[in-house]
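Taking it in order: structure first as structure tokens, then the write-up.
The values are calculated or read from the model by the stated rules, or taken from the named source; none is laboratory data. Please read these numbers as outputs of a predicted model, since none were measured by experiment. When we count neighbours, we look across all protein chains shown, and the Cβ atoms used for this are built from the backbone with ideal geometry, even at glycine. We work out accessible area using only protein heavy atoms, side chains counted, and drop any ligands, DNA or RNA first. Shrake-Rupley method; radii C 1.70, N 1.55, O 1.52, S 1.80 Å.
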Amino acid sequence: MGEQSLSQPKPQPLSPSPPAAAASTSTSSSLAIAAASRPKKAAHPPPNSNPPKKPRLTFAIPGRPLSAAGEVGAAIRHLRDADPVLAAVIDAHDAPVFQCPHRPFHSLVRSILYQQLAFKAAASVYSRFLSLLGGEASVSPDAVLALSPQQLRQIGVSPRKASYLHDLARKYVSGILSDSAIINMDDRSLAAMLTMVKGIGAWSVHMFMIFSLARPDVLPSADLGVRKGVQMLYELEDVPRPSQMDKLCERWRPYRSVGAWYMWRLIESKVPQPAPAIPVGSLALPSPDGQIMLQHQQQQQQQQQNVIQMIDPLQMLPGMG
């Protein structure tokens, strides 16, 4: 938005002061002369002038994604220098890899299909969904809209999820959303647009931005795994609330996505379970990370019940609008 300027009105020439001999003029004349001898007020714009308009807030187009060459290395160097406590966790784990094989629309469809299901059950539904469409290359808004709720129900998709899929596809077909717009949209605008889709909430948007778009500076502040990781990292007495996470993780900017990834890894390393306890995220990544991440939705719900006194249920329901 270009800069706007407001021309200052030229001050009116001041009336010359009356000679001393005119001091005996009427009271009204004296008041008029006194008012005219105040140059400071005359130099300012009239009270009814329009003030300069404030520029609208805008957000920059996203920078280089974490999938770009060298970006993860740059993030790790920054985090190591900015947070010596986190540096020990970085040293204990391999560097993350942020690569997604799917287009944004496909990733969002896959996310909806996997919601609220165990990994094996979700994988089975997803496989039948691809077969119904004719393969991964056929996953498109028009193809999804062409599927009836009855067809989707036959492959294990609930009526509610079918409505989510159709709502997403309609927003693509109508032009409200598009893959190119999603890729180029700033984080805040993207979150606002995607949460308009039924079945996609803030948690799902954060996971999508990190693991499908490889956005570098996304902090999923409502994610229980990240919050518990921060508690463990800084030896806090309580699990931090979502509202406290921005301040606690401020030093990680502009690579909070990578910092969050290490929090999942930290929790995973501290919870002795046969299966991974806290994964790296949730959306459309290749195996084995894809399986680990998609298990997170199911485990998030179980963790909510175990630590319900420490969390805000409204913010911790993954994938819900």
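If you sort the three axes of the alpha carbon gyration tensor as a ≥ b ≥ c, you get a/c of 1.5 or more for the stretch 64-132 and a/b above b/c, which makes it prolate. With a ≥ b ≥ c taken as the square roots of the eigenvalues of the C-alpha gyration tensor of the stretch 219-258, please select rounded if a/c is under 1.5 and otherwise prolate if a/b is larger than b/c or oblate if it is not? Judged from the Cα gyration tensor, the stretch 219-258 comes out prolate (a/c at least 1.5, a/b above b/c). The modelled label-to-label distance for the pair Lys247/Ala192, using points 7 Å beyond Cα in the direction of Cβ, is 2.7 nm. Placing a pseudo-label 7 Å from each Cα along the Cα-to-Cβ vector at Arg153 and Ala69 gives an inter-label distance of 5.3 nm.
Assuming a ≥ b ≥ c are the square roots of the Cα gyration tensor eigenvalues, decide whether the stretch 169-229 counts as rounded (a/c under 1.5), prolate (otherwise, with a/b larger than b/c) or oblate. Prolate, because a/c is 1.5 or more and a/b exceeds b/c. Placing Glu268, Glu235 in order of accessible area, with the largest value first and a 1.4 Å probe, yields Glu235, Glu268.
Pop out the carbon and sulfur fraction of the accessible area of the stretch 61-202 as a percent, whole number, probe 1.4 Å. Accessible surface attributable to carbon and sulfur in the stretch 61-202 totals 56 percent. For the stretch 141-256, the solvent-accessible area with a 1.4 angstrom probe is 44 square angstrom per residue. In order along the stretch 91-97, the Karplus-derived 3J(HN,Hα) couplings, from 6.51 cos²θ - 1.76 cosθ + 1.60 at θ = phi - 60°, round to 5, 8, 9, 5, 5, x, 10 Hz, and Gly and Pro are given as x.
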